[in-house]
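These notes concern the structure reproduced below.
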Amino acid sequence: MKKLFTLLLSLTVLLSLAGCVSSNVDTVPGGSSSTAPSQKEGAVIAGLEDGVLTVGMECAYAPYNWTQTNDANGAVPISNVPGAYANGYDVMIAKKICEANGWELEIVSSAWDSLSPAVQSGTMDANIAGQSMTAERMEEVTMAGPYYYATIVCVTRKDSPYASAKGISDLAEGKCTAQSGTIWYDSCLGQIPNAQILAPAETAPSMLMALQTGNVDFICTDLPTAMGAVAKDDSLTILNFSGTEGDFQFASEEERAENVNIGISVKKDNIALKEAMEQVLANMTAEDFNALMNEAIAIQPQI
């Protein structure tokens, strides 16, 4: 009987200990599970701990992004410019990404040259700002995308002698400019024979103003920017040499692609945010991108 009593007592202690171990493994304070799958499901992406995706853009680069005075057509408040709202293709893409991930969207207006440094410092979670996915830029930041496939073009006035140009050689000796910090200014204008390249424009609107006022004969930009300009000013015309021998040249098709594909900048080591964004973009086709860009062009304000 004593042996039986000892055996039963030992069994009772073992069962009690097993229950304690099970309890410690299955739950943590607050009642949430501590197993690996639950930790993974509840993981928070760096910078998104508050559930807010802070996005930088110029808010002055139509049709990618612009500033307006109200929330018409789904515009979003600009957090650092009281009473102002941002809209455009970049805002539309940002909203889709936030809706898919359950994030709130915050738009911050930033100068073009300040965009990458802001992501590097963590001031911005991302830049959705019409930036090309160049090798040089990707040395500074990680880029998700593309979220648009652009084409390099020139824009001139319909009454300009350059309006009939069939290639960049026909633009020889013309006065021209492009926006600062872009491949259009840094890589393209120099390919035009004897071009009179003026100082770069700080913004897309100032670039267009230089053309409209006759300070330059033509500008170099991407197709969406050109389409947006022509949609609001019928005195302008687009010169698109893509697919011809007269087009701007790159060392390889890979180099051309990195200069015309538009991506989203995130901090260099924030791969989780990059992947979360690309999961959304993967469900969109080039046709979807073009349709959304056409919508942005249709609602953009007057230049």
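Please determine whether any residue of region 249-258 is open to solvent by 60 Å² or more (accessible area, probe 1.4 Å), among the aliphatic types (A, V, I, L, M) and within 24 Å of Cys59 (Cβ to Cβ).
No: region 249-258 contains no residue that is open to solvent by 60 Å² or more (accessible area, probe 1.4 Å), among the aliphatic types (A, V, I, L, M) and within 24 Å of Cys59 (Cβ to Cβ).
If you check every pair at least six apart or on different chains, which have Cβ atoms under 8 Å apart with a residue in region 261-278 that is open to solvent by less than 20 Å² (accessible area, probe 1.4 Å) first and a residue that is assigned to a helix (DSSP H, G or I) and at pLDDT below 95 second?
So the pair list comes out as Ser265/Arg137.
I'd like the residue in region 125-137 that is under 14 Å from the mean Cα position of the chain (by Cα) and of a type in the set (D, E, K, R) and, out of all such residues, is surrounded by the fewest Cβ atoms within 10 Å (Cβ to Cβ).
Arg137
Take the residues of region 96-124 that are out of contact with any helix residue (DSSP H, G or I) (no Cβ under 7 Å at 6 or more places or on another chain), surrounded by fewer than 17 Cβ atoms within 10 Å (Cβ to Cβ) and not polar (S, T, N, Q): which is farthest from Leu53 (Cα to Cα)?
Asp113
Can you find even one residue in region 294-301 that is among the small types (Gly, Ala, Ser), in contact (Cβ under 8 Å) with a residue 60 or more places away in the chain and buried (at least 18 other Cβ atoms within 10 Å of the Cβ)?
yes
Select, from Ser235, Ser164, Ser169, the only residue that is of a type outside the set (Lys, Arg), at pLDDT 95 or above and under 20 Å from Pro301 (Cβ atoms).
On inspection, the qualifying residue turns out to be Ser235.
Checking Val153 against (1) crowded, with 18+ Cβ neighbours inside 10 Å; (2) among the β-branched types (Val, Ile, Thr); (3) more than 30 Å from Glu278 (Cβ to Cβ), only one condition comes out false. Which one?
(3)
I'd like the full set of residues that are without any contact (Cβ under 8 Å) to a residue 24 or more places away in the chain and outside any helix (DSSP H, G or I), limited to region 97-114.
none
Give Cys154, Cys220, Cys176 a once-over and let me know the one that is farther than 29 Å from Ala286 by Cβ and in contact with a strand residue (DSSP E or B) (Cβ under 6 Å, 6 or more places away or on another chain).
Cys176
Provide a single number: the residues in region 85-95 that are open to solvent by less than 10 Å² (accessible area, probe 1.4 Å) and not in a helix (DSSP H, G or I).
Summing the residues that are open to solvent by less than 10 Å² (accessible area, probe 1.4 Å) and not in a helix (DSSP H, G or I) in region 85-95 gives 3.
When the residues of region 172-198 are narrowed to those that are among the small types (Gly, Ala, Ser) and at pLDDT 95 or above, which ends up surrounded by the fewest Cβ atoms within 10 Å (Cβ to Cβ)?
So the residue we want is Gly190.
The values are calculated or read from the model by the stated rules, or taken from the named source; none is laboratory data. Since the model is a prediction, treat every value here as computed from it, not as a measurement. Cβ sites come from the backbone with ideal geometry, for glycine too, and all protein chains shown count toward neighbours. Only protein heavy atoms, including side chains, enter the accessible area calculation; ligands, DNA and RNA are left aside. Shrake-Rupley method; radii C 1.70, N 1.55, O 1.52, S 1.80 Å.
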